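In what follows, a structure is listed as structure tokens, so that the remarks can point back to it.
The values are calculated or read from the model by the stated rules, or taken from the named source; none is laboratory data. Bear in mind the structure is a predicted one, so any value in this text is a computation, not a measurement. Counting neighbours? That spans all protein chains shown, and the Cβs are built from the backbone with ideal geometry, glycine included.
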Amino acid sequence: MSNFPNKKSSTEQRAKNVNDAIDAALKELGVGMDDVTIEVVDEGAKGFLGIGARDAVVRVTVKETEAPAPVKKEPKTAKPTKTEPKQRKSEVKQEAPAAPKKSEVNGGTLEAAAEKFLKDIFAAMNLEVSVSAKLAEDNTLNVNLEGDNMGIVIGKRGDTLDSLQYLTSLVVNHNSEDYIKVSIDTENYREKRTEALLALSNRLADKVAKNGKRFTLEPMNPYERRVIHANLQDDERVTTYSIGSEPYRKVVIAPKDAKPYRKNNNRRRNNNQRRRVNDAPKEAPKPTTPPPTYKADFKPQQHKAEYKNFEDYFAHSQDE
């Protein structure tokens, strides 16, 4: 049985194409695509220059569906009154686990985590190194290393020590609530290195101010570069800046009143000297000696009476 008893159940429409014919049929029946079945009687043709063209024909029929059964309304019943008081949100909400303290990580202290990590590394390197860590009030974890042959641990210009410090910082800050700064030192290397950098920067600043030429230092880590920048920032004779990219970034010490190098003036001077050389008067060419007589110049038929062979003719021509 159709859901649209007062309307047409089917129709046939013509249009230039199938889509237009379907739209016209749906509009006439007043239904949607889901409520009908479509039969394409003729798809039509465009023809050539209007010759042989014909409209598309479709037949649209409304689907027949059973009417839905009436829904029985149940009588309203009184809502039971709530006798229990509402629970507060604070009582329902579960308490969140307490955040780990900043001095704890993975169930242990930060000091223990740093010491265990470094001891495992030194054991893999077959080195006997004593590790002691202590957390300061400013969230800095100071780690001191003691043992024999600590030059291996320090590395060239402190590269190995800096790498150990970076890896330990990753381990400590992995699950820590606050950021913890890690500083690893051995045999008071950090202080000695800082003093050496200060003396080096002062000596190079005097040299640059004297000869007026900038000086580029060896690649350094960010901490060492900051030491040099901070030491020479108040120097009125020189200025400092960094060039390059990590890990090969370098500090440059340059004079503040450096004059630009005028390369064009030198080039113009060289061109003038070259022009004077080219414009100088050329010497007269030296006289050249006559070319020697070759065997091809001798013609035996012209000298049969005087000369017997070429050697006699050549000797006579030299005498003349």
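Details
- Odd one out for GLU137, checked against (1) assigned to a helix (DSSP H, G or I); (2) more than 29 Å from GLU218 (Cβ to Cβ): (1)
- Residue count for the range 111-120, restricted to those that are crowded, with 16+ Cβ neighbours inside 10 Å and either under 18 Å from ASP185 (Cβ atoms) or not assigned by TED's automatic domain parsing to the domain that holds HIS174 (or both): 5
- Qualifying positions in the range 118-130 - touching a strand residue (DSSP E or B) at 6+ places or on another chain (Cβ under 6 Å) and either closer than 15 Å to THR160 by Cβ or not acidic (Asp, Glu) (or both): LEU118, LYS119, PHE122, VAL129, SER130
- Test result for ASP138, acidic (Asp, Glu) and touching a Phe, Trp or Tyr at 6+ places or on another chain (Cβ under 9 Å): no
- Filter result for GLU195 (touching a Lys or Arg at 6+ places or on another chain (Cβ under 6 Å), surrounded by fewer than 18 Cβ atoms within 10 Å (Cβ to Cβ) and either in the same structural domain as LEU232 (by TED's automatic domain parsing) or in contact (Cβ under 8 Å) with a residue 60 or more places away in the chain (or both)): no
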